[in-house]
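Below is one structure, written out as structure tokens; comments come after it.
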Amino acid sequence: MKNRKHKSDLAILFATLGLMALGLIVIYAIGPMRANVLNSTYGTEYDSNYFFFGQLRAVILSLIAFFAAFKWIPYRYVKKYAKALLIVALALCGLLWILSMMHSNLAKCELGECRWFQFGPVSFQPAEFLKLAMVVYLADFMARKREEGNLGKLREFWLPLAIVSGLSLFLVVIAEGDLGTGVALISIIFGMLLIAGVPARQYLVMLALVLAVAVGAVVTSSHRMERVDAWLATMSGSETSDSTYHIENAILAIGTGGLFGVGIGNSVQATGYLPESINDSIFAILGETFGFIGLFIIILIFAVILFRILKVAQSTQASDEQLFITGVFSWMLAQVIVNIMAMTGLVPVTGITLPLLSYGGTSMVFLAYALGLVLQLSCYTSREVITNEDISSGGRLGRAYHSSRRRSS
């Protein structure tokens, strides 16, 4: 097997671009409705095209990040600064926490939680940067520990991992109150641990410990318990209340769409009934707009991206690159599954965006950059090389040729 540069995975490329374009179209249709709701409720003065131009700016920046990672910035350079990236990401999250406690204008807060830096008209969410930094750092860290033979050792492996992971989760879940990002970080960590090959017993013990801490974080938070109670009430068919409003309207939106949807621009829920219609709830709006068939196609596109990412990881020989790709897979899979399950009432609402479709620049830019790196690495997956001996054997040549075609697709 040899790693030579070859054609990139075009399925990842076109599926990513397709989802970005679809999100832009939907935001163009429902953005004016969102602006009207905010203007009438909070007295703001958003232009009818404010959210469309915001999404357009996010898509342009994401495309720049995507192709910069794909074509211009080799993964080895990113890996070289893995520790620095993590330190900067943690420092930014910590700075945001301090600024929020000081009630600084640089900290943007919504619904009592401060998760963004605000620089004039531009906002930035450091937790999204932290996701990327964690994937890059953990890929390098776990690969080195595996090569050193220290994988699974308490002092050399678990202690530094616990410090980094614990600090990250504290700054995101406790300081910023962002449980959705916490879920994504936990998925990244355990997805990469699984591929790294830590002993199964240690893996299960750590998973149980983290789940216990997560349950404690929910039980000790009145806001999170309200979401759990609302979910349980919805599942049991209890009477409608303020706490069940979000889930019930999300399910209503999907049900209203029927088989083929009400069409672009005809959403009723986006006019003010469904909270966060352009962000966390966009899957429900997509269901109302495009119906069951449309949602099936959208889920299928996500499945194609995730499957192809796994194929790239499977064909990658370098340990750190394989771990990085697995981290990106875990990151995207967690957000897709949790968002869809929340909007269909299968889990409590957690406040997590649907990748590449929800409104918001920071989330899309950093995920697009990560996908660009995956696409770059897909050009260097292992391929069988045909030798003179293979040429003399027709059957062997056919098998090698088809294997090469599969690995380079």
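The values are calculated or read from the model by the stated rules, or taken from the named source; none is laboratory data. Note that the structure is a prediction, hence the values are computed from the model and not measured. Methodologically, a virtual Cβ is constructed for each residue, glycine included, from the backbone with ideal geometry; neighbour enumeration extends over all protein chains shown.
Of all residues in the stretch 337-349, which are crowded, with 21+ Cβ neighbours inside 10 Å, modelled with pLDDT of 90 or more and either farther than 19 Å from Val218 by Cβ or hydrophobic (A, V, I, L, M, F, W, C) (or both)? Val338, Ala342, Met343, listed by residue number.
With the structure loaded, tell me whether Gln322 is of a type in the set (S, T, N, Q), modelled with pLDDT of 95 or more and surrounded by 24 or more Cβ atoms within 10 Å (Cβ to Cβ) or whether it fails that test. So Gln322 does not fit the description; no. Candidates Phe117, Phe129: the one that is part of a helix (DSSP H, G or I) and at pLDDT 90 or above is Phe129. Taking Ala21, is it under 18 Å from the mean Cα position of the chain (by Cα), at pLDDT 95 or above and either surrounded by 16 or more Cβ atoms within 10 Å (Cβ to Cβ) or under 30 Å from Ser168 (Cβ atoms) (or both)? For Ala21, the condition - under 18 Å from the mean Cα position of the chain (by Cα), at pLDDT 95 or above and either surrounded by 16 or more Cβ atoms within 10 Å (Cβ to Cβ) or under 30 Å from Ser168 (Cβ atoms) (or both) - is not met.
Candidates are the residues of the stretch 209-230 that are of a type outside the set (Val, Ile, Thr) and within 23 Å of the chain's Cα centre (by Cα); the one that is nearest to Val349 (Cα to Cα) is Arg227. Within the set Leu310, Leu286, the sole residue that is crowded, with 23+ Cβ neighbours inside 10 Å, not in a loop (DSSP other than H, G, I, E, B) and not small (Gly, Ala, Ser) turns out to be Leu286.
Residue by residue, here is whether (1) surrounded by fewer than 15 Cβ atoms within 10 Å (Cβ to Cβ); (2) basic (Lys, Arg); (3) out of contact with any Phe, Trp or Tyr (no Cβ under 8 Å at 6 or more places or on another chain) holds:
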position	(1), (2), (3)
Leu85	no, no, no
Ile98	yes, no, yes
His103	yes, no, yes
Gly112	yes, no, yes
Pro126	no, no, no
Val136	no, no, no
Asp140	no, no, yes
Gly149	yes, no, yes
Phe157	no, no, yes
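Residues in the stretch 359-375 that are surrounded by fewer than 24 Cβ atoms within 10 Å (Cβ to Cβ) and modelled with pLDDT under 95: Gly360, Gly361, Thr362. Criterion first (farther than 25 Å from Leu300 by Cα, small (Gly, Ala, Ser), modelled with pLDDT of 95 or more and in a helix (DSSP H, G or I)) does Ala68 satisfy it? Judged against the criteria, Ala68 is a match. Regarding the stretch 214-235, can at least one residue be identified that is within 24 Å of Asn36 (Cβ to Cβ) and free of Cβ contacts under 8 Å to residues at least 40 places away in the same chain? Scanning the stretch 214-235, I find no residue that is within 24 Å of Asn36 (Cβ to Cβ) and free of Cβ contacts under 8 Å to residues at least 40 places away in the same chain, so the answer is no.
For Val173, are the conditions met, namely being within 28 Å of Leu377 (Cβ to Cβ) and in contact (Cβ under 8 Å) with a residue 40 or more places away in the chain? Taking the combined requirement at face value, the residue does not satisfy it.
Count of the stretch 275-332 residues, restricted to those that are touching a residue at least 40 places away in the same chain (Cβ under 8 Å), within 30 Å of Glu148 (Cβ to Cβ) and polar (S, T, N, Q), is 7. Annotation note: Cβ proximity below 6 Å between a residue of the stretch 66-94 that is at negative phi and a residue that is at pLDDT 95 or above and of a type in the set (Phe, Trp, Tyr) (sequence gap 6+ or interchain) occurs for Ala69/Tyr369; Ala82/Tyr137; Leu86/Tyr137; Ala89/Phe129.
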